[in-house]
Amino acid sequence: MDDSAGNDRASVEFKVTADDRVLWESGVMKQGDPAKAVDLDLRGARTLILQVTDAGDGVDYDHANWADARFLVSGTRPQTMDRPVPAEAPVILTPGPGPAPRINGPLVYGCRPGNPFLYRIPTQGQWPMRFSAQDLPTRLQLDAREGIVTGTAPPRGQFVSGDLLALPPPTGWNHWYTHYDRITDRLMREAADVMVASGMADVGYQYVNIDDCWMFAPKHSDPLRVGALRNEQGEIRPNGHFPDMKALTAYVHSKGLKAGIYTSLGPLTCGGFAGSHGHEAQDAKTFADWGFDFRKYDWCSYGDIAKDDPAPELEKFKKPYALMGRLLREQSRDIVLNLCQYGMGKVWEWGAEVGGHSWRTAGDLGFELDRIFDVALANAKHAEWQRPGAWNDPDYIQIEYIGAAHGMGLPQPCPLTPNEQYSFMSLWSLMASPLFFSGDMGRLDEFTINVLCNAEVIEVNQDPLGRCARVVPLTGASFAMVKDLADGSKAVGLFNRAETTTVVAASLEQLGLAGIWRSRDLWRQVDLGRLQTRVSDRIGRHGAFMIRLWPEP
Ligand code: GAL
C-alpha cells in the first residue's frame, strides 16, 4: 500500500492467478503495513492475472503498487490480453415456459390456525387458466381465475397449520439495493404489478418488501421525509411518500402477494429514520393493523442501548429479538420475522429460538459484491442450523440494475458478469437461502427474468427438506455443492472461481454419491442421461453448472 494513500480507510488485496489456480493472495493490506515479497513459479502458465481489489470497502484512498515487479521470460514473448475480464454475452440458458400449466412450489407452506390466509398458487403456462382444488379446508376459498387462495387458516394440525411459518425459504423483492432512501408507495405498487406481469409470481416469488426510509427522519435532503417521527399517541408515522399504508398492503394482497416492512431495534435506523426503540409493542400492533406479513428487524443504533445493559453479551443480542418474536406471535396475523444483525453472537445458533424465521449471517452484501463466492461459502458453514422455518440469510440477489451501496447510488447495470449472475442464483438456490431480488423491478429484461425465474432452479431452493448444500472443494479454484432433496434426488452445482474458462470435474465419489444416477441440466432444462462416474462441464470464468440427479434402480 502506497504511503501516499494517507488514510486509515485505504485497504487493498493483491491476488495472482495462473489459469485456474490462485497462486498468491496478500490478504488485506492497509496503509503502513510493510510490503510483502512474493516470488512465484509461473512455468507452464498460459494466462496470468495480477489483480488488486478494494478489500471490500470501496476504492476510497486505495493506492496499491506492484513494486519492482518483473517477469523472467524465456521462449515466446508473452502478450498482454485486450481486457482483463473478457466481455461475456448475456446468454439466455433457460427456455421460456410452455403452454401447459405447471404448478410450481413450494410443496409445503406454514400458517397459524385462525389467522387470515393468502396464497397465490405459482403457476406457469398459458393464461387465462382455470383453477380448482379438492379437499380445500372449509374456511378457505379459491379464486378459480387467478389461482389465489384466501380465507382463514384451518385449525392446528390440519394441513401445515401450527406454529411454524416460512416453511420454505421466503421469496420476493426488497427495495433496498435499488431505491435506498428514494422509495415511495408508487414504486412499491409498481414492484407488485411487475412481480405478477413478469412471471416472477408464477415461479413462487411472493413478498414485496419495503426496507428502510419509509418513516420520517429528523433530517434528510428530501423535505417529504422530514417530520415528527411519531404522532401524539406515540404511533410511528409513514413519511410523505407513503400516504396510506393500509391501502398499500391491500393493493399488494389484491394480487395474491404479501407485503413486508422494516424497522430497527434502536431509536434510529441505519438510514437515520425512526426506529422502534421504546415502542416495540405499539409498532408490532401497528404493522399488523396495517396488514404487513413480514418484518425485517435491524440492529441499527441499538449498540448504544446495549452497551449500558449489564446482561451478559449473548443475552444482549437475544433480548430485543426475543421480545419482537413474542410480540409478533401475539398478533392475529402471520408475520415472518427476519433478524438483521450481521451474524453477531453466532445468531444462527439462536435465531430460531427467539422467534426469527431467517437471520442475516453477515454484513451487507452490497459492499462485497466482488466476493459473492466467499460470502456464500461462509454462509454455508452454518448449514447445520438451518431447517424449514429457520433460514440462514446471506442477503439479497443483486443483479440487473442496482445502486452502489457506497453512497446509496442511483440504479446502474450491476457489476456482476452474466456468469456471475448464474452463479449467484445457483449458490442461493443450493443453500436454500431466502430469495429476495433487490434490483430494479421497473427494468426487468429477458436475461434477468431467465436468471431469476427458472422454475427447476427455484424448486431446489424451495425443497421441503430445507437443507443447505454441502461444499466439496475441488482442484484449483473450483468447488462443488451437493444438496439433498426430499424425493431422494440431489442437486449438484459446480463452480469455477478461476479467471478463465476451465473444465471443472468431480467424481461421484468426491461428491459422496454412490451408484447410477439419471441427470438433468437445470439451467438449460435438458436431460443429460445416466451418470455413474463423474460430473464435469467446461465452465466460463466465475460461472456455474447445475444439475439434478435421481437415483436409478
Ligand atoms: C442495514 C441492513 C441493510 C439495510 C440498511 C437500511 O443495516 O443490513 O440490509 O436494511 O440497514 O438502512
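Using the structure shown, decide if residue 211 is touching a strand residue (DSSP E or B) at 6+ places or on another chain (Cβ under 8 Å), outside the structural domain of residue 436 (by TED's automatic domain parsing) and either among the acidic types (Asp, Glu) or within 16 Å of the ligand (Cβ to nearest atom) (or both).
No, not satisfied.
Residues of the range 1-19 being among the small types (Gly, Ala, Ser) and loosely packed, with under 12 Cβ neighbours inside 10 Å, which ones? Talk me through it step by step, then tell me what you get.
Residues of the range 1-19 that are among the small types (Gly, Ala, Ser), as a first pass: 4-6, 10-11, 18.
Of everything in the range 1-19, those that are among the small types (Gly, Ala, Ser) and loosely packed, with under 12 Cβ neighbours inside 10 Å turn out to be 4, 6.
Within the range 266-302, how many residues are over 23 Å from residue 204 (Cα atoms) and touching a Gly at 6+ places or on another chain (Cβ under 7 Å)? Give the derivation first.
We begin by selecting, within the range 266-302, every residue over 23 Å from residue 204 (Cα atoms); these are 266-290, 297-302.
Of the ones still in play, those that are also touching a Gly at 6+ places or on another chain (Cβ under 7 Å) are 266-269, 275, 277, 279, 282, 300-302.
The total comes to 11.
Does residue 517 count as at pLDDT 95 or above, farther than 22 Å from residue 452 by Cα and touching a Pro at 6+ places or on another chain (Cβ under 8 Å)?
When the stated conditions are applied, residue 517 passes them.
Just one of (1) open to solvent by 10 Å² or more (accessible area, probe 1.4 Å); (2) assigned by TED's automatic domain parsing to the domain that holds residue 387; (3) among the β-branched types (Val, Ile, Thr) trips up residue 183, so point out which.
Only one criterion is unmet by residue 183, namely (1).
The rows are residues; the columns are (1) part of a loop (DSSP other than H, G, I, E, B); (2) polar (S, T, N, Q).
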residue: 457; (1), (2): no, no
residue: 466; (1), (2): yes, no
residue: 476; (1), (2): yes, no
residue: 480; (1), (2): no, no
residue: 491; (1), (2): no, no
residue: 500; (1), (2): yes, yes
residue: 503; (1), (2): no, no
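Select from the range 20-49 the residues that are under 12 Å from residue 499 (Cα atoms) and under 30 Å from the mean Cα position of the chain (by Cα) and write down the one among them that is most open to solvent (accessible area, probe 1.4 Å).
Only one residue tops the list, namely 21.
Test each condition in (1) in a strand (DSSP E or B); (2) in contact with a helix residue (DSSP H, G or I) (Cβ under 7 Å, 6 or more places away or on another chain) for residue 541 and report the one that comes out false.
Residue 541 satisfies all of (1) in a strand (DSSP E or B); (2) in contact with a helix residue (DSSP H, G or I) (Cβ under 7 Å, 6 or more places away or on another chain) except (1).
Restricting to the range 441-455, name every residue that is in a loop (DSSP other than H, G, I, E, B) and buried (at least 24 other Cβ atoms within 10 Å of the Cβ).
453, 454
Do we have residue 77 as loosely packed, with under 10 Cβ neighbours inside 10 Å, among the basic types (Lys, Arg), free of Cβ contacts under 8 Å to residues at least 40 places away in the same chain and over 30 Å from residue 26 (Cα atoms) here?
Numbers: loosely packed, with under 10 Cβ neighbours inside 10 Å: yes; among the basic types (Lys, Arg): yes; free of Cβ contacts under 8 Å to residues at least 40 places away in the same chain: yes; over 30 Å from residue 26 (Cα atoms): no.
No; evaluated as a whole, the condition is false for this residue.
Output the residue which, of all residues in the range 271-308 that are acidic (Asp, Glu) and crowded, with 24+ Cβ neighbours inside 10 Å, is nearest to the ligand (Cβ to nearest atom).
298
Just the residues that are open to solvent by 50 Å² or more (accessible area, probe 1.4 Å) and within 13 Å of the ligand (Cβ to nearest atom), please, taken from the range 259-270. Please lay out each step first, then the result.
Here is the first cut: in the range 259-270, the ones open to solvent by 50 Å² or more (accessible area, probe 1.4 Å) are 267-268, 270.
Across the range 259-270, the qualifying residues are 268, 270.
Within the range 449-493, count every residue that is in contact with a Gly (Cβ under 7 Å, 6 or more places away or on another chain) and at pLDDT below 95.
Number satisfying all stated conditions: 0.
Does residue 396 satisfy the condition of being open to solvent by 20 Å² or more (accessible area, probe 1.4 Å), among the aromatic types (Phe, Trp, Tyr) and at pLDDT 95 or above?
Spelling it out, it is not the case that residue 396 is open to solvent by 20 Å² or more (accessible area, probe 1.4 Å), among the aromatic types (Phe, Trp, Tyr) and at pLDDT 95 or above.
The values are calculated or read from the model by the stated rules, or taken from the named source; none is laboratory data. Everything numeric in this text was worked out from a predicted model, so none of it was measured. Glycine also receives a Cβ, built like all others from the backbone with ideal geometry; neighbour counts cover every protein chain displayed. The protein model used for the area step is the full one, side chains on, heavy atoms only, and it has no ligands, DNA or RNA in it. Shrake-Rupley method; radii C 1.70, N 1.55, O 1.52, S 1.80 Å.
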